[in-house]
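Taking it in order: structure first as structure tokens, then the write-up.
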Amino acid sequence: MTCDDALAGALADDLNAAFERLACAWEQRLYAFALRMTGRPRDAEELAEETLAQAWRALAGYSPERRRALCLRPWLFQIAANLARNRARSARRHPALSLDDLALASDMVGDGGGLAERIADEDPLGMPEVVVDREQRLADLATLLLTLPETQRVAVVLRHVEGLGYGAIAEAMGEPVGTVKSHASRGVARLRRALERERLSEAREVAR
Amino acid sequence: MNDKQVSTLSSARSLLSDCRGLCEAKTTAPIAENALLRLGLADAYTTIETALGTVYVAWNAHGLSAVTRKPTAGDFEVWAADLLGRKVYARVAAPERLAHAMTAWLAGDRRAALTFDLRGVTPFVREALLKAREIPHGEVRPYSWVAREIGHPRAMRAVGTAMARNPIPLFIPCHRVVRADGHLGAYGMGGPESKRRILSAEGVNVEQVEALASAGVRYVGSDSTSHVYCYPTCHYAQRIGAPHLVTFADEEAAYAAGYRPCNVCRPPAARLAG
């Protein structure tokens, strides 16, 4: 896989100056990824910061040629995913939540209420109910994601949250394209079944 | 397509578009800043109150990196980025441990856990600055003392330049390095007046230092005890009672009078004693 990444070129020429740009450009994306992996904003902040720190240490040990040839996207997500995995392993929570935890967890996942405001800002005509509905759906989905097995979660988040291609995901996960495709599709299927179950139980609740 | 299939399709679409929505998560935590600070690729800064008023101080994982007076934070950021070759990020205050260490250090506590980042200066400047750091609170030494102590006895001018390049004035006390002729000499952070102000605040009797030097006195000793000669501000010299105080124009005169150099402030030995 070849990448033509201007930032990678800059990292080859002047590591420290270019890394500052990399850190600023990537902090929010790494945070978003880490939040989907850990479910906790504080953990996600730490994980994103640690990802940047590890990335720099690795870059500092690479030759300029190697830096120039880097595909930064899969490479950074690979570091973040490995850190998330180690963290999950050391905390003995794999998957991060069981289905039984869902009720408890739905309070703490999400964006702390900022999302509705942002969407309202972007779209002044957006109906408040619709916004709230979407926010709730996203929070539920984030919680469900945490119930997926680690590999499926990484694949689903990279593919469907971050929008990476399967080639890049394969590189980030260190597995063949076919394997990560199947991780992603099994993950999505599992999410869909879980959402369906919730919808049914909600319908039963209403009918009662 | 039946109704159930349509509903499944639309829920599949909304699942994937909701997934996409999850990447909107944002945080106000300064993640990049913290990572850069941790790696020593950026510095944090704040202001503190000192004998010279409000000064800006910057630090990173290696310790204090830059200190100066500037009219505004913007001026400081430009100056510091140029000096350090890194960005500096504003903080409301220094971390508690650092703040304590800075206060203790400025009050003369040499055991305060304060470190300095001198990666940006040449080895000679670093050596000269670290030597200046050894001059105790409330005392002064001439440029020639620093030059001799770091093994370059003829490099007095270079020592002067090194002091002028001190990125961490006040904390690395280049203000304690003065001219041997009684003039306090130049000072980067506000000129000779500031130098005088800091030294006075540290307890140096500046008038006396100037008076002795302009009377041609370089060293003092006591005729009552061990026949040792010192720089006038040496801790031991300051305890000599007026009736016993003897003064010397140079080390030869002291040697001729039977005196030897103090082991603490280490004035030069006479060439004759060689």
Problem set entry | Within segment B:32-121, strands (runs of 3 or more DSSP E) holding 1 or more residues that are of a type in the set (S, T, N, Q) and touching an Asp or Glu at 6+ places or on another chain (Cβ under 9 Å) | B:53-60, B:63-68
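Could you tell me whether B:Pro167 is surrounded by 21 or more Cβ atoms within 10 Å (Cβ to Cβ) and farther than 27 Å from B:Pro232 by Cα? Give the steps one after another, and end with the answer.
Values: surrounded by 21 or more Cβ atoms within 10 Å (Cβ to Cβ): yes; farther than 27 Å from B:Pro232 by Cα: yes.
So B:Pro167 fits the description; yes.
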Problem set entry | Residue check for A:Ala23: part of a helix (DSSP H, G or I), over 13 Å from the mean Cα position of the chain (by Cα) and buried (at least 24 other Cβ atoms within 10 Å of the Cβ) | yes
Problem set entry | Tally, over segment B:206-243, of residues that are in a loop (DSSP other than H, G, I, E, B) and aliphatic (A, V, I, L, M) | 3
Exercise. Going through segment B:108-127 one residue at a time, which ones are aliphatic (A, V, I, L, M) and within 23 Å of B:Arg165 (Cα to Cα)?
Worked result: B:Leu114, B:Leu118, B:Val121, B:Val125
For this session: Would you check if B:Gly221 is at pLDDT below 90 and on the phi < 0 side of the Ramachandran plot?
Result: no
Problem set entry | Out of B:Ala90, B:Ala101, sole residue that is at pLDDT 95 or above, of a type outside the set (Phe, Trp, Tyr), farther than 30 Å from B:Gln208 by Cα and out of contact with any Pro (no Cβ under 8 Å at 6 or more places or on another chain) | B:Ala101
Exercise. What's the number of the condition B:Ala42 fails, among (1) modelled with pLDDT of 90 or more; (2) in contact with a Ser or Thr (Cβ under 9 Å, 6 or more places away or on another chain)?
Worked result: (2)
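From A:Glu65, A:Glu49, grab the single residue that is free of Cβ contacts under 8 Å to residues at least 60 places away in the same chain, within 16 Å of B:Ala32 (Cα to Cα) and either away from chain B (no Cβ under 12 Å) or surrounded by 19 or more Cβ atoms within 10 Å (Cβ to Cβ) (or both).
Details: A:Glu65 fails: within 16 Å of B:Ala32 (Cα to Cα).
Exactly one of A:Glu65, A:Glu49 is free of Cβ contacts under 8 Å to residues at least 60 places away in the same chain, within 16 Å of B:Ala32 (Cα to Cα) and either away from chain B (no Cβ under 12 Å) or surrounded by 19 or more Cβ atoms within 10 Å (Cβ to Cβ) (or both), namely A:Glu49.
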Exercise. What is the residue count in segment B:223-244 for residues that are under 33 Å from the mean Cα position of the chain (by Cα) and surrounded by 12 or more Cβ atoms within 10 Å (Cβ to Cβ)?
Worked result: 12
For this session: Scan segment B:88-132 residue by residue and report those that are more than 16 Å from B:Ile48 (Cβ to Cβ) and buried (at least 19 other Cβ atoms within 10 Å of the Cβ).
Result: B:Asp117, B:Leu118, B:Val125, B:Glu127, B:Ala128, B:Leu129, B:Lys131, B:Ala132
For this session: Go through B:Ile198, B:Ile168 for me and flag whichever is in contact (Cβ under 8 Å) with a residue 12 or more places away in the chain and in a loop (DSSP other than H, G, I, E, B).
Result: B:Ile168
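Give me the residue from segment B:17-31 that is assigned to a helix (DSSP H, G or I) and surrounded by fewer than 16 Cβ atoms within 10 Å (Cβ to Cβ) and, out of that set, farthest from the other protein chains (Cβ to nearest Cβ). Please lay out each step first, then the result.
First, pick out the residues of segment B:17-31 that are assigned to a helix (DSSP H, G or I): B:17-24, B:31.
Still in the list and also surrounded by fewer than 16 Cβ atoms within 10 Å (Cβ to Cβ): B:17, B:20, B:24.
Working: B:Ser17: 9, B:Arg20: 7, B:Glu24: 7 Å.
Out of the qualifying residues, it is B:Ser17.
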For this session: Would you mind stating whether B:Glu193 is in a loop (DSSP other than H, G, I, E, B) and of a type in the set (D, E, K, R)?
Result: no
Problem set entry | Extreme residue, farthest from B:Val121 (Cα to Cα), among residues of segment B:66-87 that are at pLDDT below 95 and small (Gly, Ala, Ser) | B:Ala81
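The values are calculated or read from the model by the stated rules, or taken from the named source; none is laboratory data. Quantities reported herein were computed from a predicted structural model and do not represent experimental measurements. Using ideal geometry, Cβ is built from the backbone for each residue, glycine included, and neighbour counts are taken over all protein chains shown.
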